[in-house]
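Laboratory data are not the source of any read-out in this text; all were calculated from the coordinates shown. All values reported here derive from a predicted model rather than from experimental measurement.
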Amino acid sequence: MPFLEEDEWKQLPTTHETMEEIKQYRLDQKCDLVTARQFAETQQMKIFQELTGKSWVHFDVISHHRLSDWGPECTHCGQLLKSQHAPFCTECGCKVKNTESLLNKMMSNLRRFFKSGDR
């Protein structure tokens, strides 16, 4: 599942706006909240699809795919750490020695990539 960069994330409606859409769907369809949450195709879902090509990704899932909420990649297995300050990788269990230096290295690589124009 793709993660969203900050400029992409800012294009999405807020959680509050999405919940208002679901409430309206519930009223329009005369259904319960569980059904509305399951079947309402929200603006957030549509924009996520435009950005990523992934269709019918539920808004609860989308909320966990903001790249800046995650940490750098684990040096052992390559999975993203669950936060910037994670003490270990939840995928492989490897202890993180210095998360801050990993983040600085990752940011330095990104800056170098965008500066070089190799996009």
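Axis of helix 99-116 versus longest Cα principal axis of the chain: the two differ by about 80°, to the nearest ten degrees. Measuring against 20 Å, Cα to Cα, the residue pairs 10/46; 82/115; 10/54; 54/115 contain 82/115; 54/115 as the ones spanning a longer distance.
Taking amide hydrogens as placed 1.01 Å from N in the peptide plane, the amide H of residue 4 sits under 5 Å from those of 66, 67, each at least 5 positions away in sequence or on another chain.
Relative to the longest principal Cα axis of the chain, at what angle does helix 15-29 sit, 0 to 90 degrees, rounded to 10? Compared with the principal axis, the helix lies near 30 degrees. Compared with the direct C-alpha span, the chain from residue 63 to residue 94 gains 8.5 nm at full extension, assuming 0.36 nm per residue.
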